[in-house]
Amino acid sequence: MESMNVLNSKYEPVIGLEIHAQMNTASKAFCGCSTDFHSSPNTNICPVCLGYPGALPALNEMLVDSILKMGIATSCRVREESIFARKNYFYPDLTKGYQITQFETPICHGGFLKINLKNNETKKIGITRIHMEEDAGKSIHDFHDDSSLIDFNRCGVPLIEIVSEPDMNSVDEATRFLQKIKQTLVYLEINDGNMEEGSLRCDANISVRIKGDKKLGTRTEIKNLNSFKNVSDAVSAEIKRQISLIESGEKVSYNTMTYNAKDKKTTATRSKEEAHDYRYFPEPDLVKVKVTKEKIENIKSILPELPEQKVMRYVTEFKLPSADAEEISHDKDFAGYFERVVSELKLKNENNYRTAGNILRTDVRKVLNDRKISISEFTVSAKVLAGLAESVTSGSISASASREVFNEILFGNTDDEQIKILENSLKKYSQVSDTGKIESLVKKILEENPEEVKRYKIGEKKLAGFFVGKIMQESKGKANPKIVNELLIKNLED
Amino acid sequence: MAVSIKDVEKIALLAKLKFNEREMEKLRGDLNKILEYIDKLNELDLEKVNPLENINETENVSREDKVKQSMDTELALSNAPSKTGKFFKVPKVIDK
């Protein structure tokens with residue numbers, strides 16, 4: 001068989017994603033039970049979510065508002081009237097015997113999101129539909145050999161399912177799209193983006209075809225991918241498997257696959273064909289959802305700023321380079337912190353905005369990465385960081401000294417302590433320890449006095465005093481003589 | 001549209017029910033009778049009639065997003081044929 005690289009350029013994968021996102025409502029989709037993830041097992045349950053006979057569902061209005069936000073943010077069309085349907089199947093984690101979902105009339109459909117590609121181009125990924133549904137309970141299989149344990153807390157938790165068009169042609173595009181969906185959901189404040197806790201899950205539909213072919217190959221579906229790494233690894237593994245099959249003259253057959261992260265392989269589930277007969281029919285216990293034009297206008301008016309809008313604003317209002325704007329706004333909370341720093345700046349100008357952005361992108365980011373914390377756990381106040389940025393922009397300390405000051409500020413536990421450290425270290429670094437600044441002074445004086453340098457180098461060591469005097473004069477007495485001495489000797493002896 | 005024994009078998013499988021041959025045959029007869037009865041509708045011209053999705057023709061019945069008191073776990077589990085601690089215990093089914 002040819003090498004995988006050759007094959008990768010011969011074949012083109014076609015990928016579509018189905019993303020389930022939990023809406024962060026306080027109560028469940030159709031009953032008043034709490035959606036709290038951390039509650040102890042089987043405490044957030046009632047006759048409705050346990051599927052007791054005669055119990056009736058009542059739609060959570062927040063679910064409708066949330067899905068409309070996502071639909072509008074992704075340029076979907078909104079159906080004026082949509083209904084719920086029953087998807088019938090037997091599984092112990094869903095006691096009713098059916099899931100309440102939307103089938104023929106998803107409330108939102110026909111939208112798109114743009115993703116940024118590696119080569120700085122953008123690509124439009126179509127969104128086929130977004131519909132409302134409820135989650136099932138959680139099964140624990142590895143506790144007993146012959147039985148499973150069920151926790152129904154998650155049963156009835158509101159989800160939206162976002163189905164994309166098969167518009168992605170690489171693993172990279174698929175993960176970027178998922179990232180974009182997550183970012184949009186988090187910006188809209190309708191989902192917490194937490195894949196570990198299952199509030200964002202993904203199924204991937206994959207097929208491959210010879211590059212240039214119009215016809216799609218037979219697809220397979222990988223279920224329940226719950227991290228970005230899993231999505232990227234599983235999709236890669238499945239593309240490889242399908243290419244190998246085709247290369248060895250076999251055919252890809254439609255299958256539901258599961259991904260095993262241990263051996264990085266996808267395998268077909270043993271599901272019987274009958275299992276896919278869901279016998280959808282209109283849910284008789286819920287009336288239709290009507291969305292008026294006023295409702296849509298109302299949602300539009302409360303829609304928060306979206307990622308693209310934020311990037312645009314940072315570029316036009318703060319004059320940030322678009323790559324910087326992109327980086328800062330990637331995470332909504334991080335961008336929020338940046339905006340607080342900006343609002344604390346005494347002098348609102350481009351240089352200060354950019355310096356503040358630089359400190360965030362480098363020094364703050366490094367602390368977050370090193371300590372594995374999120375920006376909400378970062379303890380330096382926006383006011384202190386604004387002060388630091390302004391000292392750099394005004395030239396009272398150098399960019400390299402700024403890093404030293406920043407590292408000292410980190411030791412401050414309270415705002416007051418941090419402000420004190422900032423003040424003290426600004427004095428210290430602007431006076432003595434800004435070696436970068438002193439070194440440039442040293443170099444300047446040496447360049448201006450070539451005769452003396454020559455004489456020093458052939459042995460007239462007492463000229464050192466002459467240079468020190470000149471440098472101190474140039475720095476208006478602020479340079480630390482000790483450091484001046486060290487740097488002077490270093491530069492002269494080079 | 002006549003119901004075959006194969007159809008009955010499939011419906012039984014989906015409903016997780018088991019029948020012997022005699023019961024299957026009886027069900028096939030019953031199901032055919034029901035379909036024949038429903039078939040009467042085909043005598044009418046329904047071309048321009050929208051399907052009735054809900055007998056209740058109201059719209060937008062919803063509730064505020066407020067948490068209400070849930071059931072007591074003990075009470076919920078008291079109906080379970082089998083349980084372990086705070087969990088419902090069911091026969092193992094992995095393949096979905």
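Results, tabulated for the structure shown:
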quantity	calculated
Those residues of segment B:1-29 which are out of contact with any Lys or Arg (no Cβ under 9 Å at 6 or more places or on another chain) and closer than 22 Å to A:Phe90 by Cβ, in sequence order	B:Lys6, B:Glu9, B:Lys10, B:Ile11, B:Ala15, B:Lys16, B:Leu17, B:Lys18, B:Asn20, B:Glu23, B:Met24, B:Leu27
Given (1) in a strand (DSSP E or B); (2) at pLDDT below 90; (3) away from every other protein chain (no Cβ under 12 Å), number of the condition A:Lys262 does not satisfy	(1)
Number of the condition not met by B:Leu27 [criteria: (1) in contact (Cβ under 8 Å) with a residue 12 or more places away in the chain; (2) on the phi > 0 side of the Ramachandran plot]	(2)
Helices (runs of 4 or more DSSP H) enclosed by segment A:364-478 - at least 1 residues per element that are touching a helix residue (DSSP H, G or I) at 6+ places or on another chain (Cβ under 7 Å), surrounded by 12 or more Cβ atoms within 10 Å (Cβ to Cβ) and β-branched (Val, Ile, Thr)	A:382-393, A:399-409, A:415-428, A:435-448, A:450-457, A:464-474
Filter pass, B:Ala80 being touching a strand residue (DSSP E or B) at 6+ places or on another chain (Cβ under 8 Å), at pLDDT below 95 and either within 30 Å of A:Pro41 (Cα to Cα) or β-branched (Val, Ile, Thr) (or both)	yes
Some residue of segment A:81-97 being surrounded by 20 or more Cβ atoms within 10 Å (Cβ to Cβ), without any contact (Cβ under 8 Å) to a residue 60 or more places away in the chain and in the same structural domain as A:Glu18 (by TED's automatic domain parsing)	yes
Segment A:18-68, residues that are among the acidic types (Asp, Glu) and at pLDDT 95 or above	A:Glu18, A:Glu61, A:Asp65
Some residue of segment A:348-361 being small (Gly, Ala, Ser), in a helix (DSSP H, G or I) and out of contact with any strand residue (DSSP E or B) (no Cβ under 8 Å at 6 or more places or on another chain)	yes
Test: A:Lys124 is more than 10 Å from chain B (Cβ to nearest Cβ) and either of a type in the set (Val, Ile, Thr) or not in a loop (DSSP other than H, G, I, E, B) (or both)	yes
Single residue of A:Thr74, A:Thr105 found to be more than 20 Å from A:Tyr187 (Cα to Cα) and in the same structural domain as A:Val186 (by TED's automatic domain parsing)	A:Thr105
Qualifying residue in segment A:49-68 (condition: within 14 Å of B:Ser70 (Cα to Cα), of a type in the set (A, V, I, L, M, F, W, C) and either crowded, with 20+ Cβ neighbours inside 10 Å or in contact with a helix residue (DSSP H, G or I) (Cβ under 9 Å, 6 or more places away or on another chain) (or both))	yes
Residue satisfying condition, being surrounded by 13 or more Cβ atoms within 10 Å (Cβ to Cβ), within 21 Å of A:Phe103 (Cβ to Cβ), more than 14 Å from chain B (Cβ to nearest Cβ) and of a type in the set (Lys, Arg), within set A:Arg241, A:Arg219	A:Arg219
Residue satisfying condition, being within 22 Å of the chain's Cα centre (by Cα), surrounded by fewer than 23 Cβ atoms within 10 Å (Cβ to Cβ) and hydroxyl-bearing (Ser, Thr, Tyr), within set A:Ser170, A:Ser164, A:Ser139	A:Ser170
In segment A:48-64, the residues that are assigned to a loop (DSSP other than H, G, I, E, B) and at the interface with chain B (Cβ under 7 Å from one of its Cβ atoms)	A:Leu50, A:Ala58
Restricting segment A:1-38 to residues that are among the charged types (D, E, K, R), surrounded by fewer than 19 Cβ atoms within 10 Å (Cβ to Cβ) and assigned to a loop (DSSP other than H, G, I, E, B), the residue that is farthest from the other protein chains (Cβ to nearest Cβ)	A:Glu2
Number of positions in segment A:141-183 that are farther than 13 Å from A:Lys114 by Cβ, assigned to a helix (DSSP H, G or I) and away from chain B (no Cβ under 14 Å)	6
Whichever residue in segment B:55-96 is among the acidic types (Asp, Glu) and within 7 Å of another protein chain (Cβ to nearest Cβ) and, among such residues, is nearest to A:Ser27 (Cα to Cα)	B:Asp65
Segment A:265-312, subset small (Gly, Ala, Ser) and surrounded by fewer than 16 Cβ atoms within 10 Å (Cβ to Cβ), residue modelled with the lowest pLDDT	A:Ser271
A:Pro41 being assigned to a loop (DSSP other than H, G, I, E, B), within 9 Å of chain B (Cβ to nearest Cβ) and either among the basic types (Lys, Arg) or without any contact (Cβ under 8 Å) to a residue 40 or more places away in the chain (or both)	no
Test: residue in segment A:212-234 that is in the same structural domain as A:Tyr11 (by TED's automatic domain parsing), in contact with a helix residue (DSSP H, G or I) (Cβ under 8 Å, 6 or more places away or on another chain) and among the charged types (D, E, K, R)	no
Of all residues in segment B:4-45 being more than 30 Å from A:Leu59 (Cβ to Cβ) and assigned to a loop (DSSP other than H, G, I, E, B), the one that is farthest from the other protein chains (Cβ to nearest Cβ)	B:Asp45
Of all residues in segment A:65-98 being part of a loop (DSSP other than H, G, I, E, B) and among the acidic types (Asp, Glu), the one that is farthest from the other protein chains (Cβ to nearest Cβ)	A:Glu80
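The values are calculated or read from the model by the stated rules, or taken from the named source; none is laboratory data. All figures in this text were calculated on a predicted structure; none of them were measured in a lab. Every residue, glycine as well, gets a Cβ built from its backbone with ideal geometry; the counts of neighbours run over all protein chains shown.
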